[in-house]
1. Translational diffusion coefficient of the chain at 20 °C, 1.002 mPa s, Stokes-Einstein with Kirkwood Rh over Cα pairs, in µm²/s as a whole number.
2. In vacuo Debye scattering of region 1-66, one point per C-alpha: log10 I(q)/I(0) at q = 0.12, 0.19, 0.20, 0.22 Å⁻¹?
3. Write down the accessible area per residue of region 76-189 in Å², having rolled a 1.4 Å probe over the full set of protein chains.
4. Per residue of region 83-100, what does 6.51 cos²θ - 1.76 cosθ + 1.60 with θ = phi - 60° give for ³J(HN,Hα)? Whole Hz please, x for Gly and Pro, Karplus curve as stated.
5. Accessible area of the chain with a 1.4 Å probe: how many percent of it is carbon plus sulfur?
6. Cα convex hull of region 92-189: mean projected area in nm², to one decimal?
7. Near the amide H of SER137, under 5 Å away, which other amide H atoms are found, from residues 5 or more places off or on another chain, if H is placed in the peptide plane?
8. Given a cut-off of under 8 Å on Cα pairs at least six residues apart, what relative contact order in percent is computed for region 1-78?
Amino acid sequence: EVIRNCHVLSGTVRGKTYVGGIVGDMYSEEVHNCTNKADISGESYIGGIIGRSYSDGYNISGCINSGSVTATGDYAGGISGYHGNVKDCENHGSVTGGNYVGGIIGRTTYSISTSLNYGIVSGNTYVGGIIGRGYMSKCTNHGNVNGIQYVGGLTGHNKDRGGYSDYGSNYGDIKGETYVGGCAGFLSS
């Protein structure tokens, strides 16, 4: 199943878990060239485009989120709260949550490539301008990032399957208490 060119132009989307501007939860589907301008809020697994996604391949591409994303719990992202392969996406909205908070994705074991974040990202642990915990290739963060532990301009905790990340660039201000870095708060493979 593929969703293309779906546009949410205003309003709010609220729920408890698995809340997204376009899709709440998906497994093998694809979302391409969609935009969200609604404010998204809930408890956990909250995303500007998708709340939670499981899939191989680039299943989220060319999407733009401009709405705010707010999670009272964990897993918040400008594009996806949890998981998903992301390519060529942008987030312009603020992203706020507890743990695993990212301008693009809160946490993933998949790949994020050539994506941009402009929104302010705030959380507690595992907080990154692009991803809270995971790895990426050629991404850029322009937003400020605020957290407590494992806080980075690109990733709070770089958890790479192969020990390799072709990071990208960070232009935002980064604030935290422990394990804080301009690119990565903590690096491990």
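1. On the way: Rh = 14.9 Å.
For these conditions, the coefficient is 144 µm²/s.
2. These q points yield log10 I(q)/I(0) values of -0.25, -0.63, -0.70, -0.83.
3. Working: 4030 Å² over 114 residues.
Value returned for region 76-189: 35 Å² of accessible area per residue.
4. For region 83-100, the Karplus curve yields 6, x, 8, 10, 9, 6, 10, 9, 10, 10, x, 6, 10, 10, x, x, 10, 6 Hz.
5. Values: 3370 of 7490 Å².
Of all accessible area on the chain, carbon and sulfur atoms account for 45 percent.
6. Values: hull surface 18.0 nm².
Over all viewing directions, region 92-189 projects a mean Cα-hull area of 4.5 nm².
7. Long-range HN contacts for SER137: ILE112, SER113, THR114.
8. On the way: 235 pairs, mean separation 25.2, N = 78.
It comes to 32 percent, rounded to a whole number.
The values are calculated or read from the model by the stated rules, or taken from the named source; none is laboratory data. What you see is a predicted model; the values in this text were computed from it and never measured. The protein model used for the area step is the full one, side chains on, heavy atoms only, and it has no ligands, DNA or RNA in it. Shrake-Rupley method; radii C 1.70, N 1.55, O 1.52, S 1.80 Å.
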